[in-house]
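Okay, structure first, notes after.
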Amino acid sequence: MNCEQKFEGLRSEPSTRRRVLFVDHAAVLGGAELSLLDLATAYRQTSQVLLFADGPFRERLEAAGVPVVVNLAPEAALSVRTSDRFGALKVFPALGWMAHRVATLACDFELVHANSQKAFVAAALARLIGGPPVVWHLRDILTARHFSGLNRRLAVTLANRCAARVLVNSRATGQAFVAAGGRPDLVTLVYNGLPVEVFDRLDPAQSLAIRHELGVGEAPLVGVFSRLSYWKGQHVLLEAARQLPNVHVLLVGEALFGEVEYTAQLKTLAALPELAGRVHWVGFRSDVPALMAACDIVAHTSTEPEPFGRVIVEGQLARRPVVATAAGASTELIEDGVTGCLVPPGDAQALASAIEKLLADSGAAQALAERGAAHARATFSLEALLATFDQALQSVPN
Ligand code: UDP
Ligand code: GLC
């Protein structure tokens, strides 16, 4: 189902929605952008998206009928890492330019919704020079691993001073914001929502065809579906597979933010003789639900606390047993042994044991998967997301 169809039923309502300028610094297809795609599609009759980069996200927005403006920011501003100690200082002139762009475009809107940290800093600076109220949709856990002290202080200070609301994608994200000095009264929990119907329409024949194409036969298949990045921990699954001689691994995703070294490291691991013929590396795919349904187990392997983890909920919706690492929001999405399995982050041995246990008892694994699916359907639908999101935006004064 495409986004057009997905939001068919919501078309009659949008006039009641607020006029929002959504801003994102990136145009890749990461979880933050895929989540924004759903929001912006629902708001397309009143709102617009401003991107500071060009790429497949712009194409997906346009295909969904969302008005998009691309203002290319200087490359240095986009590529500087949030973990860079002096990153904010290095890109300050570019952030000023981005703020000016936001302030100019935002004149026609009631609110600015910032979907990334760089977008938020630009939007907050725009607010300081007379722009409209800013809502920061915080989708990251503000820890030292991902954000330098200076970047955290800058973002939190600007949030406390300029944000009308900080929407957090999980309790874990909200707690980290408050621990970093953020004002608790700004925080509103907005869990992500996923298109449940897409998973309900999965055709078992398609899963069989995928398994056939991969040439895995009857062998157990464990899939991991994240972008290639050290903290997403695909290497931990490959390490676990070394201990499970019959298990095949499906590696889906690509490096979205230039993680060349990590990709090379994974290639070296996958080429080990004991993994020969057992690692199926398929790159970025847009048929994740069908690929998940072709797996026996969906693995989430992040070595750092996960801010939300769409892939966990997608695995549940695909009615597959999900094994995830117990850090960050995973513990909000999965009740261990009830709606999925939790293992310690970075522990290949524990992951291998969890996989082995699930494969040894298919009845228990299927029961886990069914309970996971019921929980995900009830809690993480697009309708639930939009109801919370609409309410959060309605509560922001003009
Ligand atoms: N995804 C995708 N194709 C791929 C790999 C991942 O469409 O090849 C999607 C995946 O289905 C999920 C999103 O990318 O919806 C990743 O979101 P998540 O919240 O799990 O992690 P993030 O990358 O945002 O940290
Ligand atoms: C970020 C987080 C991910 C979350 C996504 C959508 O990319 O890393 O955990 O699911 O945003 O909110």
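The values are calculated or read from the model by the stated rules, or taken from the named source; none is laboratory data. This is a predicted model, so every value here is computed, not measured. Here the Cβ positions follow ideal geometry from the backbone for every residue, glycine too, while neighbour counts run over all protein chains shown.
Of all residues in region 382-397, those satisfying the criterion of being more than 11 Å from residue 17 (Cβ to Cβ), at pLDDT 95 or above and not β-branched (Val, Ile, Thr) are 382, 383, 384, 385, 387, 391, 392, 395. A single entry from 171, 242, 201, 227 fulfils the requirement of being under 18 Å from residue 283 (Cβ atoms) and of a type in the set (D, E, K, R): 227. Among the candidates 202, 214, 228, the residue that is away from ligand 2 (no atom under 14 Å from the Cβ) and under 24 Å from residue 277 (Cα atoms) is uniquely 214. Only helices (runs of 4 or more DSSP H) whose full extent lies in region 281-398 are considered here, and the ones with at least 1 residues that are within 15 Å of ligand 2 (Cβ to nearest atom) are 288-293, 310-317, 330-333, 362-379, 382-394. Can you find even one residue in region 312-319 that is more than 13 Å from residue 194 (Cα to Cα) and surrounded by 14 or more Cβ atoms within 10 Å (Cβ to Cβ)? Yes - at least one qualifying residue is present in region 312-319. When the residues of region 367-384 are filtered to those that are touching a Leu at 6+ places or on another chain (Cβ under 8 Å) and of a type in the set (A, V, I, L, M), the one that is surrounded by the most Cβ atoms within 10 Å (Cβ to Cβ) is 376.
For first residues located in region 20-37 and free of Cβ contacts under 8 Å to residues at least 40 places away in the same chain, partners that are within 14 Å of ligand 1 (Cβ to nearest atom) and lie 6+ apart or on another chain with Cβ distances below 6 Å form the pairs 37/60. Under the condition of being of a type in the set (A, V, I, L, M) and in a strand (DSSP E or B), which residue from region 180-197 is surrounded by the most Cβ atoms within 10 Å (Cβ to Cβ)? Taking the candidates together, the pick is 194.
Within region 237-260, the set of residues being farther than 18 Å from residue 301 by Cα and at pLDDT below 95 comprises 257, 258, 260. For the criterion of being surrounded by 15 or more Cβ atoms within 10 Å (Cβ to Cβ), within 16 Å of ligand 2 (Cβ to nearest atom), part of a helix (DSSP H, G or I) and not aliphatic (A, V, I, L, M), residue 177 passes. Of all the criteria given as (1) under 26 Å from residue 57 (Cα atoms); (2) small (Gly, Ala, Ser); (3) assigned to a loop (DSSP other than H, G, I, E, B), the one not satisfied by residue 219 is (1).
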